[in-house]
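Remarks on the structure that follows.
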Amino acid sequence: MTTRPATAGPDLDGSPYPRFTDDEYVRRRAAVDALRAAADLDAVVVHGTGNARHELQYLTAWPPRQEGWLVLAADDQPALFVQLFNHVPNAREMAVVERVEWGGTDSAATVAADLARRGARRVGLVGAIPYQAHGRLVAALPGVELVDLTPAFRRMRLVKSPQEIAWTRRGAELCDLGIRALVEVARPGVREYQLGAAVEAAYGALGGQHGICFIATTPMGGGGRFVPAQNWSSRRLEDGDAILIELSAGIGGYTGQVLRTIAVGDVPAAFQRLHDVAARTFEALVAAIRPGVRAADLLAIAGLIDREGLSVCDDVVHGYGGGYLAPVLRTPATAHGAPPDLVLEPGMMVVVQPNVITPDASLGVQTGELVLVVPDGAVSLHGVTRGLLRAGAAV
């Protein structure tokens, strides 16, 4: 695998908010129209929330903080309904959709009324629509067939456009800056939340947007934490600790993803072995990634961890790029189900992250990053040093 220099990404000075070209949004709308026509649908409704925003942001450029709904039909104007009244002005600033309205006190009822006005009889739904909201759609639309279009929609998004790749390269650059800032400030006495603040400040000062920043500090001798924490603690870093981090930052919903372990002090042999197994698994997986490779092939390679008598708490491989996507793979011994029948294609992105832990979950490491599938293999989108990092060292 080779590492290619990142591009500058989008011009953040050309618009108040990151936005793709008009041609890119036309391409996306045409792809959704093709899905709608293939499924014999009259309309498509895309739902999004702050925790599940990517489908909605993909088509509108607006990332919902709370609830948002987009209605698309063949021969009518798209409509974006925003649940919170005071979020409407900013949505109108950001969205590429001209019709942006308050969703009223019940957005599901508003969407149903809009679909009825359009005469829709068969509607595709995209996104994790809450049970109660779905029930209100059903009750308000008697005789209308509601179809889950989410799997097909997400499959459509697996192969990235050149603009998506450029934006993600910029996101990877911003992540790398965060890792470098973390390594620089890591020293005994610093609290976990101070480490996190340094990471986020590094990319935030350049317009980078937050995806995830999971951090845990733990003794390398064992008996402590074994995966990064979603919520930073006030624990002070000590000599002999490791910092475990999983970081995603970027722009416009397109983030890099990088995972690293930073050692503070001497590294015990058992901890080094754990990281060595993770590194070998990472290299084996990335060497195998190329067009035509099946998800099942990658799962088999991840079995290296099982054969070493070790385990994982997280996915070993997952699709990425404007959200968390297929395939999602662990190891054969820890798999939650059969791998998807999915074949890699050029333009797909995957995060390779063999975050190995001991079977008793007393010790763990983080390593991995986002790679892009290209015609002859895979290239990393990150430039930060790989391997077990040392506090204060150049990366």
Odd one out for Arg169 among (1) of a type outside the set (A, V, I, L, M); (2) at pLDDT below 95; (3) under 20 Å from His382 (Cβ atoms)
(2)
Residues in the stretch 2-55 that are at pLDDT below 70 and among the acidic types (Asp, Glu) total 2
Which one is surrounded by the fewest Cβ atoms within 10 Å (Cβ to Cβ), of the residues in the stretch 210-250 that are touching a Phe, Trp or Tyr at 6+ places or on another chain (Cβ under 6 Å) and touching a residue at least 40 places away in the same chain (Cβ under 8 Å)?
Trp232
Cβ-Cβ under 7 Å, sequence separation 6+ or interchain: first residue in the stretch 28-49 and touching a residue at least 24 places away in the same chain (Cβ under 8 Å), partner surrounded by fewer than 21 Cβ atoms within 10 Å (Cβ to Cβ) and in a strand (DSSP E or B). Which pairs?
Ala39/Val147; Asp40/Arg122; Leu41/Arg122; Leu41/Val147; Asp42/Arg122; Val45/Leu125
Take the residues in the stretch 173-194 that are on the phi < 0 side of the Ramachandran plot and part of a loop (DSSP other than H, G, I, E, B), then tell me which one is surrounded by the most Cβ atoms within 10 Å (Cβ to Cβ).
Ala186
Of the conditions (1) crowded, with 21+ Cβ neighbours inside 10 Å; (2) touching a helix residue (DSSP H, G or I) at 6+ places or on another chain (Cβ under 6 Å), the single one that Glu308 does not satisfy is (1)
Counting only strands (runs of 3 or more DSSP E) entirely within the stretch 316-392, those with at least 2 residues that are among the aliphatic types (A, V, I, L, M) are 324-329, 349-352, 368-374, 377-380
Filtered residue count, the stretch 132-151, keeping only those that are outside any helix (DSSP H, G or I) and charged (D, E, K, R)
2
Condition first: crowded, with 21+ Cβ neighbours inside 10 Å and either outside the structural domain of Pro89 (by TED's automatic domain parsing) or assigned to a helix (DSSP H, G or I) (or both). Now tell me which residues in the stretch 54-70 satisfy that.
Glu55, Leu56, Gln57, Tyr58, Leu59, Thr60
Filter result (more than 18 Å from Leu244 (Cα to Cα) and within 18 Å of the chain's Cα centre (by Cα)) within the stretch 345-378
Gly347, Met348, Met349, Val350, Val371, Leu372, Val373
Go over the candidates Ala108, Ala197, Ala120, Ala133 one by one and state the one that is outside the structural domain of Gly48 (by TED's automatic domain parsing) and either farther than 30 Å from Gly265 by Cβ or surrounded by fewer than 22 Cβ atoms within 10 Å (Cβ to Cβ) (or both).
Ala197
Flag if Asp306 is part of a loop (DSSP other than H, G, I, E, B) and modelled with pLDDT of 95 or more
no
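The values are calculated or read from the model by the stated rules, or taken from the named source; none is laboratory data. The shown structure was predicted, so the numbers you read here are calculated from the model rather than taken from an experiment. Cβ sites come from the backbone with ideal geometry, for glycine too, and all protein chains shown count toward neighbours.
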